[in-house]
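The next block holds one structure in the form of structure tokens; read it before the comments.
Here, each number is a calculation from the coordinates, and none is a lab measurement. Everything numeric in this text was worked out from a predicted model, so none of it was measured. No Cβ is skipped: glycine too gets one built from the backbone with ideal geometry, and neighbour counts run over all protein chains shown.
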């Protein structure tokens, strides 16, 4: 049985295409696109403007986002706690200050941390 040149070329192209498919699939990736880092600028601007309603809204969005850097989250918690305190929402302010304290607490004494919670 003799194979013609057209069949050889078609087979070579098909094999080449099939071998390149995993490379193409890897190039696009199965992971979702990475989200850009969270921008703390609206929270900082609200704090510098000393607008309590804007601080609560902008810093609240920063606190609630899982992608926020730890240092930015702590600053936002403290700023929102101050704004909530000035608006006589003391329980929520204490909750923010407590969350900031827990975020900065060292993990050296897990038994004490468990008792204080």
Kindly rank 72-83, 37-48, 88-99 from highest to lowest mean number of other beta carbons found within 10 Å of each residue. 72-83, 37-48, 88-99
Can you give the convex hull volume per residue for the Cα atoms of the range 41-106, as a whole number of Å³? 71
